[in-house]
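*Asks:* Handing you this structure, nothing more for now.
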Amino acid sequence: MNWTPAERLHGIQESVIREMTRLALKHNAINLSQGLPDFPPPPEVLQAAQAALVEGYNQYSITWGLPETRSAIAQKIHRFYGVDVDPEYHVTVTCGVSEAIMAAVFSVVNPGDEVILFEPAHENFVPAIRFAGGKPIFIPLLPPAFEVDVDALRKAFGPRTRAVLVNTPHNPTGKVFSAEELRMIGELAETWDAVIITDEIYEHIIYDGRQHVSPLTLTGLEQRVISLGGLSKTYAMTGWRLGYAISLNPTLSTALRTVHDYLTICAPTPLQKAAVVALNLPTSYYEDLVKGYTQRRAVMMRSLHNAGFIAHPPQGSYYVLADFRALGWRGDAMSFARWLTTAVGVAVVPGSAFYYTPGLGETTVRFAFPKRVETLEEAGQRLQRAVDLLKNRG
C-alpha cells in the first residue's frame, strides 16, 4: 500500500506531554509531567455524578449542553466577573478545553489566515491552527518574567490576522496577563478586526493576591471574544473532560456550536449534571484552592532551588518552567527529561515541547505540581538524588 498521512499532519507529532506520562507509568516515576492531580474531586461532586447515573442521565444531552449546566456556567461567570451571559445562546459545553480550542479555531479560521499566539505555547494550540489551514505567528514571552514583546506583537498584526490566541494564566510559564496587556491585545485585534480566543482554564489558580482578568470584562471587546474555561483544573477532574466556550457574539457562538456538534455531539451527560454542583460551590472552596496551591508551589520551588534549578515562581497555574543548565547536564531538554524520568523517577516535560522556534526551550523542563504535599516532597528528595548522580558522572 502506497500511503502517506494527510498533509495537515506534516510537522505535527503526538503529544509529548502524554508521551512523558506513559514513560512515567512504565518506570514508576512520580508524574510531574502531565497536570494530573493525585487527589480526588470534591466529595459532593462525586456523589452528584453517582446520583446522575442512577437517575437516568445516560443519553445524549442537547448538543451545546444541559440547560442547568449552561445556567450554572453563566451564573458563575456573573458571580466572578460581573458579566451577563445568556445560557441559551452564549454558552457551549465542550469535551474539555482542548475540544473548545479546536471548535473555536475551526469556527473562525480559514485556510491561509494567520493566528497570533505567544511562545512558549501549549502543544494543543498549533495543531488546532494547522488543522484549520491557518498559519501560526509566534510572539515571544521574554524571560525571566515572560513579558510580552510589544514591538513584535504590533508588527505581527496585519490584514491576514484572523485571530489571536491568549492563555492566561499561562501554561507553561505561569504568567498572568495584566489588564493593560489584554487591552493592548484588544486594541490591535480591533484595529485589524481579529477574534480574541482566550484559554482561561487556570482562572482560579492564581497567587500573591493577583486577579484573573477575562477579556470578556474589557469594554469594547465583548463582541470579538471567545472565552474558554473548564472544570478539569479547578475541581481536580481532568478525566471528566468538561469544558465550555462563551461568546456574547451570536455569530461566533453559532459557528462554534456548529463545529462542536460535528466534533463530539455533546459532552458526557451525567458529568454535566454533576458539574452543576461543582459550579455552585461556595467562595470558601476557591479560597481554599488558592491556599492549597500556594503551599504546593512553595514546596515545589524549594525543591527546585535546592537541586540547583533556576526557576521563578509562577504567578498562576500549577506549572513551573525550570532551567537545568546549572546541574551540568550535557544534552538537550528531551534527553534530560527522559533521564530524569527513567533514572531518577521524576517525570517532566521538555521545555522544547512548548516552542516552535528552533533552539528555544532546550535548557528547560516543565514541572506540574497538582499533587499532595507528600508527593511533592518525595519528588524533591528524588531531585536531590539527580544532583548526586550528575556529580558522580563528572
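The values are calculated or read from the model by the stated rules, or taken from the named source; none is laboratory data. Everything numeric in this text was worked out from a predicted model, so none of it was measured. FYI the Cβ positions are ideal-geometry reconstructions off the backbone, even for glycines, and counts take in every protein chain you see.
*Asks:* Filter the stretch 266-277 down to the residues that are assigned to a loop (DSSP other than H, G, I, E, B) and among the hydrophobic types (A, V, I, L, M, F, W, C), then identify the one that is farthest from the chain's Cα centre (by Cα).
*Replies:* Here is the first cut: in the stretch 266-277, the residues assigned to a loop (DSSP other than H, G, I, E, B) are 266-268.
Cutting the leftovers down to among the hydrophobic types (A, V, I, L, M, F, W, C) gives us 266-267.
Numbers: 266: 21, 267: 18 Å.
Among those that are assigned to a loop (DSSP other than H, G, I, E, B) and among the hydrophobic types (A, V, I, L, M, F, W, C), it is 266.
*Asks:* Looking at the stretch 335-390 only, could you name the residues that are within 22 Å of the chain's Cα centre (by Cα) and either at positive phi or of a type in the set (Phe, Trp, Tyr) (or both)?
*Replies:* Across the stretch 335-390, the qualifying residues are 354, 355, 356, 361, 367, 369.
*Asks:* Residues of the stretch 1-57 being surrounded by fewer than 12 Cβ atoms within 10 Å (Cβ to Cβ), of a type in the set (Ser, Thr, Tyr) and under 25 Å from residue 338 (Cα atoms), which ones?
*Replies:* Those that are surrounded by fewer than 12 Cβ atoms within 10 Å (Cβ to Cβ), of a type in the set (Ser, Thr, Tyr) and under 25 Å from residue 338 (Cα atoms): none in the stretch 1-57.
Here is a yes/no grid of residues against (1) at pLDDT 95 or above; (2) among the β-branched types (Val, Ile, Thr); (3) in contact with a Pro (Cβ under 7 Å, 6 or more places away or on another chain); (4) on the phi > 0 side of the Ramachandran plot:
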site: 248; (1), (2), (3), (4): yes, no, no, no
site: 254; (1), (2), (3), (4): yes, yes, no, no
site: 267; (1), (2), (3), (4): yes, no, no, no
site: 284; (1), (2), (3), (4): yes, no, no, no
site: 291; (1), (2), (3), (4): yes, no, no, no
site: 311; (1), (2), (3), (4): yes, no, no, no
site: 318; (1), (2), (3), (4): yes, no, yes, no
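*Asks:* With respect to the numbered conditions (1) under 30 Å from residue 59 (Cα atoms); (2) assigned by TED's automatic domain parsing to the domain that holds residue 11, which one is the sole condition not fulfilled by residue 268?
*Replies:* (2)
*Asks:* Scan the stretch 327-347 and give yes if some residue there is surrounded by fewer than 16 Cβ atoms within 10 Å (Cβ to Cβ) and either closer than 24 Å to residue 233 by Cα or among the polar types (S, T, N, Q) (or both), otherwise no.
*Replies:* Yes: the stretch 327-347 contains one or more residues that are surrounded by fewer than 16 Cβ atoms within 10 Å (Cβ to Cβ) and either closer than 24 Å to residue 233 by Cα or among the polar types (S, T, N, Q) (or both).
*Asks:* OK, next. Please give the number of the condition residue 209 fails out of (1) without any contact (Cβ under 8 Å) to a residue 60 or more places away in the chain; (2) part of a loop (DSSP other than H, G, I, E, B); (3) more than 13 Å from residue 315 (Cβ to Cβ).
*Replies:* For residue 209, the exception is condition (3).
*Asks:* Right, another one. Could we say that residue 45 is farther than 14 Å from residue 240 by Cβ and either of a type in the set (A, V, I, L, M) or not assigned by TED's automatic domain parsing to the domain that holds residue 242 (or both) here?
*Replies:* No, not satisfied.
*Asks:* Filter the stretch 253-265 down to the residues that are surrounded by 17 or more Cβ atoms within 10 Å (Cβ to Cβ), out of contact with any strand residue (DSSP E or B) (no Cβ under 6 Å at 6 or more places or on another chain) and not polar (S, T, N, Q) and list them by number.
*Replies:* First, pick out the residues of the stretch 253-265 that are surrounded by 17 or more Cβ atoms within 10 Å (Cβ to Cβ): 253, 255-257, 259-260, 264.
Within this subset, residues satisfying the condition of being out of contact with any strand residue (DSSP E or B) (no Cβ under 6 Å at 6 or more places or on another chain) are 253, 255, 259, 264.
Selection gives 255, 259.
*Asks:* Within the stretch 246-265, does at least one residue satisfy the condition of being touching a Gly at 6+ places or on another chain (Cβ under 8 Å), outside any loop (DSSP other than H, G, I, E, B) and closer than 22 Å to residue 316 by Cα?
*Replies:* Yes: the stretch 246-265 contains one or more residues that are touching a Gly at 6+ places or on another chain (Cβ under 8 Å), outside any loop (DSSP other than H, G, I, E, B) and closer than 22 Å to residue 316 by Cα.
*Asks:* Tell me yes or no: at least one residue of the stretch 325-348 is in the same structural domain as residue 299 (by TED's automatic domain parsing), in a helix (DSSP H, G or I), closer than 17 Å to residue 174 by Cβ and touching a residue at least 40 places away in the same chain (Cβ under 8 Å).
*Replies:* To start, the set of residues in the stretch 325-348 that are in the same structural domain as residue 299 (by TED's automatic domain parsing) comprises 325-348.
Pick out the ones that are also in a helix (DSSP H, G or I) and you get 325-327, 333-344.
Among the residues that remain, those that are also closer than 17 Å to residue 174 by Cβ are: none.
No, because not a single residue in the stretch 325-348 is in the same structural domain as residue 299 (by TED's automatic domain parsing), in a helix (DSSP H, G or I), closer than 17 Å to residue 174 by Cβ and touching a residue at least 40 places away in the same chain (Cβ under 8 Å).
*Asks:* For residue 274, are the conditions met, namely being in contact with a Leu (Cβ under 7 Å, 6 or more places away or on another chain) and aliphatic (A, V, I, L, M)? Show your work before the answer.
*Replies:* Values: in contact with a Leu (Cβ under 7 Å, 6 or more places away or on another chain): no; aliphatic (A, V, I, L, M): yes.
No; evaluated as a whole, the condition is false for this residue.
*Asks:* Follow-up. Suppose the filter is surrounded by fewer than 24 Cβ atoms within 10 Å (Cβ to Cβ), assigned by TED's automatic domain parsing to the domain that holds residue 142 and aromatic (Phe, Trp, Tyr); does residue 240 pass it? Step through it out loud before you land on a result.
*Replies:* Working: surrounded by fewer than 24 Cβ atoms within 10 Å (Cβ to Cβ): no; assigned by TED's automatic domain parsing to the domain that holds residue 142: yes; aromatic (Phe, Trp, Tyr): yes.
Spelling it out, it is not the case that residue 240 is surrounded by fewer than 24 Cβ atoms within 10 Å (Cβ to Cβ), assigned by TED's automatic domain parsing to the domain that holds residue 142 and aromatic (Phe, Trp, Tyr).
*Asks:* Could you run through the stretch 199-229 and say how many residues are buried (at least 24 other Cβ atoms within 10 Å of the Cβ) and among the small types (Gly, Ala, Ser)?
*Replies:* Of the residues in the stretch 199-229, 2 are buried (at least 24 other Cβ atoms within 10 Å of the Cβ) and among the small types (Gly, Ala, Ser).
*Asks:* Residue 74 - would you say it is assigned to a helix (DSSP H, G or I), surrounded by 16 or more Cβ atoms within 10 Å (Cβ to Cβ) and in contact with a helix residue (DSSP H, G or I) (Cβ under 7 Å, 6 or more places away or on another chain)? Please lay out each step first, then the result.
*Replies:* Values: assigned to a helix (DSSP H, G or I): yes; surrounded by 16 or more Cβ atoms within 10 Å (Cβ to Cβ): yes; in contact with a helix residue (DSSP H, G or I) (Cβ under 7 Å, 6 or more places away or on another chain): no.
No; evaluated as a whole, the condition is false for this residue.
*Asks:* Yes or no: the stretch 290-308 includes at least one residue that is closer than 30 Å to residue 48 by Cα and among the β-branched types (Val, Ile, Thr). Walk me through how you get there before you give the answer.
*Replies:* Quick first cut of the stretch 290-308, residues closer than 30 Å to residue 48 by Cα only: 290-296.
Going one step further and asking which of them are among the β-branched types (Val, Ile, Thr), we end up with 290, 294.
There is at least one residue in the stretch 290-308 that is closer than 30 Å to residue 48 by Cα and among the β-branched types (Val, Ile, Thr).
*Asks:* Take the residues in the stretch 4-59 that are among the acidic types (Asp, Glu) and more than 22 Å from residue 376 (Cβ to Cβ), then tell me which one is modelled with the lowest pLDDT. I'd like the intermediate steps shown before the answer.
*Replies:* Of all residues in the stretch 4-59, those among the acidic types (Asp, Glu) come to 7, 14, 19, 38, 44, 55.
Retained after the next criterion (residues that are more than 22 Å from residue 376 (Cβ to Cβ)): 7, 14, 19, 44, 55.
On the way: 7: 87, 14: 91, 19: 95, 44: 98, 55: 97.
So the residue we want is 7.
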